[in-house]
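One structure below.
The values are calculated or read from the model by the stated rules, or taken from the named source; none is laboratory data. Keep in mind the model is a prediction, meaning the values are calculated, not measured. Cβ sites come from the backbone with ideal geometry, for glycine too, and all protein chains shown count toward neighbours. With ligands, DNA and RNA removed, areas are computed over all heavy atoms of the protein, side chains included. Shrake-Rupley method; radii C 1.70, N 1.55, O 1.52, S 1.80 Å.
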Amino acid sequence: MTDKIDNYRQRINETALAPEVELIQALVAESAFDPALRNKITAQTATLVSDLRRNGATSFLQSFLGEYGLSTEEGVALMSIS
């Protein structure tokens, strides 16, 4: 455990003054899904959305949120509540 913490500290120290753009690009590349996983996630998501749309039942929450689009002040306020 101590070695892991030391590695994190070393990495933080090494990147503390790194150019921001290069650091962000490296972090984005490091966190990216491989294409096979991305395709699997996309297929599962498409199936879920299709099933939900085919079901046609609208929940109370969907109806409520449908009343206040993000183009309205109320909709933005509702989405900002945390």
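So what is the calculated 222 nm ellipticity per residue for the chain, using -39500 (n - 2.57) for each DSSP H run with n of 4 or more, over all residues, to the nearest 500 deg cm²/dmol?
My calculation for the chain gives -24000 deg cm²/dmol from helical runs alone.
If I ignore ligands, DNA and RNA and count only protein heavy atoms, how much of Leu78 is accessible to a 1.4 Å probe, in Å² to the nearest 10?
The accessible area of Leu78 comes to roughly 60 Å².
Per the Kirkwood formula on distinct C-alpha pairs, the Rh of the chain is how many angstrom?
17.8 Å
Using 0.36 nm per residue, how much length does the chain from Ala18 to Leu48 gain when fully extended, once their Cα-Cα distance is taken away?
So the chain would gain 6.6 nm between Ala18 and Leu48.
Considering only protein heavy atoms and a probe of 1.4 Å, how much of the accessible area of the chain is carbon and sulfur, as a whole percent?
59 percent
Filter the chymotrypsin sites (Phe, Trp or Tyr not before Pro) in the range 4-82 to those in DSSP coil with at most 12 other Cβ atoms within 10 Å of their Cβ, and list the result.
Listed in order of number, the matching sites are Phe33.
Name the residue from Ile24, Met79, Ser59 whose Cα lies farthest towards the positive end of the charge dipole of the chain, charges +1 on Cβ of Lys and Arg and -1 on Cβ of Asp and Glu.
Ser59
Could you provide, to the nearest whole Å², the per residue accessible area of the chain with probe 1.4 Å? Don't skip to the end; give the middle numbers.
Working: 7710 Å² over 82 residues.
Computed with neighbouring chains in place, this is 94 Å² per residue.
Please arrange Val49, Val21 by accessible surface area, largest first, computed with a 1.4 Å probe and ligands excluded.
Largest accessible area first, the residues go Val21, Val49.
Once you place label points 7 Å from the Cα toward the Cβ at Arg9 and Phe33, how far apart are they in nm?
Distance between the two pseudo-spin positions: 3.7 nm.
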